[in-house]
Amino acid sequence: KDLPGQSLFQTAQAPDDSDRVVFSEYHDGGSITGFMMLREGGWKYIAYPGFASQLFDMEADPFETNDLGLTVEHASIRERLHQRMCREFADPDVINDNAFADQAQRIEELGGIDGIYQRENYDHTPVGS
């Protein structure tokens, strides 16, 4: 699937665009879930597959101290941002499942967890530690 976006070089060289939507995702071999973030205007929505999402009003709360993710009065904003994430990027559950499948395949290719621990040239935190 071709995802929307542009090169980070283009983004860094362009004037600030307060209307630009930002999407990011994070997956670590030792994490119990990945997470995906969508920033739209003053809102920051974070999806954690299998766990409650978070929502922050970045204009009123730039240090993200007040999670609005479970508040009834923000349910429509949370749902709108979740649907936009799914529509324009991908469903967080699908992304997470694919990442874990890819990690499992890579672990197997490296000889399993024990094989990773025994690698002399493995310079990262071993998966599953």
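The values are calculated or read from the model by the stated rules, or taken from the named source; none is laboratory data. Computed from a predicted structure; not experimentally measured. Using ideal geometry, Cβ is built from the backbone for each residue, glycine included, and neighbour counts are taken over all protein chains shown.
Residue check: is Tyr117 part of a loop (DSSP other than H, G, I, E, B) and either surrounded by 16 or more Cβ atoms within 10 Å (Cβ to Cβ) or modelled with pLDDT under 95 (or both)? I'd like the intermediate steps shown before the answer.
Working: part of a loop (DSSP other than H, G, I, E, B): no; either surrounded by 16 or more Cβ atoms within 10 Å (Cβ to Cβ) or modelled with pLDDT under 95 (or both): yes.
No, not satisfied.
Of the residues making up the range 66-109, those that are farther than 15 Å from Met37 by Cβ and of a type in the set (Gly, Ala, Ser) are Ala75, Ser76, Ala101, Ala104.
For the range 36-51, taking the residues that are in contact with an Asp or Glu (Cβ under 7 Å, 6 or more places away or on another chain) and of a type in the set (A, V, I, L, M, F, W, C), the one that is surrounded by the most Cβ atoms within 10 Å (Cβ to Cβ) is identified as Met36. Among residues of the range 56-75 that are farther than 11 Å from Lys44 by Cα, those with a beta-carbon under 7 Å from a residue that is not hydroxyl-bearing (Ser, Thr, Tyr) at least six positions away or on a different chain give the pairs Leu70/Ala52; His74/Leu55; His74/Leu68.
State yes or no: is Asp61 acidic (Asp, Glu), farther than 14 Å from Met37 by Cα and modelled with pLDDT under 95? Working first, answer last.
Details: acidic (Asp, Glu): yes; farther than 14 Å from Met37 by Cα: yes; modelled with pLDDT under 95: no.
When the stated conditions are applied, Asp61 does not pass them.
Taking the options Gln54, Gln83, name whichever one is crowded, with 17+ Cβ neighbours inside 10 Å and at pLDDT 95 or above. I'd like the intermediate steps shown before the answer.
Details: Gln83 fails: crowded, with 17+ Cβ neighbours inside 10 Å.
Of Gln54, Gln83, the one residue that is crowded, with 17+ Cβ neighbours inside 10 Å and at pLDDT 95 or above is Gln54.
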